[in-house]
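Structure first, then comments.
Every number here is computed from the coordinates shown, using simple stated rules; none is lab data. Worth saying up front: this structure is predicted, and the values here are computed from it rather than measured. In this analysis, Cβ positions are derived from the backbone assuming ideal geometry, glycine residues included, and neighbour counts consider all displayed protein chains.
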Amino acid sequence: MASQVNAWENERIKTLDERWEPLAPGVDRFRLPGNEPVRRIITGRRTAKVGAFWSWKNDAHVAHESTGEEWFARILEVHPSVTGYFGQPEQIRVTVEGQSRPVKYTPDFLVMMGFRELRVEYKRFIDIAPPATVDPRDELGRYRSEKAAKMRRRLRLVRDAYLRCGIAWRLVTDRDLAAMASKATVDEIVANAGRPVTEEDADRLVAFLAARPARSATMLECCEQLHDSEFPRGDVLARIPELVLSIDLHARIDDETAVTLTRAVQ
């Protein structure tokens with residue numbers, strides 16, 4: 001009986017090991033079908049704020065482990081260059097000389113921009129570059145500096161591992177996110193995402209913009225094309241995550257906001 005149990009366990013372990021694919025010397029990767037999260041963020045062990053953001057762009061929930069990651073997901077939801085994105089999409093293990101165990105790492109997001117893939121890690125800038133401390137009695141400052149140094153070493157290891165594999169990887173901080181978009185603009189777009197539009201209104205709006213110079217018109221002009229809508233502005237904004245329309249993510253939304261047709265007209 002014991003031998004049968006051991007045989008079953010060995011078979012299970014072998015199956016799990018076979019899921020790791022070699023990417024480069026000393027670098028292996030573990031992925032699940034459909035870019036499913038490789039870690040149990042919502043139901044598993046928690047050490048920070050976790051959640052899942054509903055993405056109309058992906059038609060699925062995107063898991064996140066912090067307020068900053070959630071904000072990042074909201075920007076990805078409305079960014080015109082992003083065609084899809086996934087949270088915790090894979091894990092790599094990197095063999096490090098002098099260490100008995102490999103280093104395991106899971107990127108926060110896999111970002112799709114057409115056929116281009118980008119792995120992204122989000123960190124608060126203060127966590128990777130805290131203010132320098134000169135006071136020998138500042139134990140908290142020393143702890144933060146030592147923790148940040150360890151984090152930077154780990155991120156350099158990850159960057160170099162992905163570089164050896166020919167895979168694009170980028171570190172993004174809260175400062176980068178602040179420069180990418182206005183929070184009020186992103187929040188208004190996301191709040192209206194998923195609003196339905198009649199086929200007649202959608203066709204009328206697309207045809208109107210397709211005939212305009214630079215395929216662009218004001219928000220007010222676009223709203224005038226939606227005859228069946230109870231809230232035309234919301235219906236226009238809802239087409240942004242669907243990659244039909246785009247606007248300037250840095251500017252306040254009003255009647256003069258320039259709306260551009262981004263979808264190819266059939």
**Prompt:** Listed residues Tyr162, Tyr143; which is in contact with a Lys or Arg (Cβ under 7 Å, 6 or more places away or on another chain) and of a type outside the set (S, T, N, Q)?
**Reply:** Tyr162
**Request:** Only one of these is surrounded by fewer than 19 Cβ atoms within 10 Å (Cβ to Cβ) and charged (D, E, K, R): Arg93, Arg119. Name it.
**Result:** Arg93
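Residue-by-condition table, conditions (1) within 30 Å of Ala251 (Cα to Cα); (2) free of Cβ contacts under 8 Å to residues at least 40 places away in the same chain:
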| residue | (1), (2) |
| --- | --- |
| Val111 | yes, yes |
| Thr133 | no, yes |
| Lys150 | no, yes |
| Leu155 | no, yes |
| Ala161 | no, no |
| Arg170 | yes, no |
| Thr173 | yes, no |
| Ala178 | yes, yes |
| Ser182 | yes, no |
**Fill in**
Among the residues of the range 113-131, the number that are without any contact (Cβ under 8 Å) to a residue 12 or more places away in the chain and either over 25 Å from Glu65 (Cα atoms) or in contact with a strand residue (DSSP E or B) (Cβ under 7 Å, 6 or more places away or on another chain) (or both) is 1
**Message:** So for the range 57-67 (the condition being of a type in the set (D, E, K, R) and buried (at least 18 other Cβ atoms within 10 Å of the Cβ)), does at least one residue qualify?
**Reply:** yes
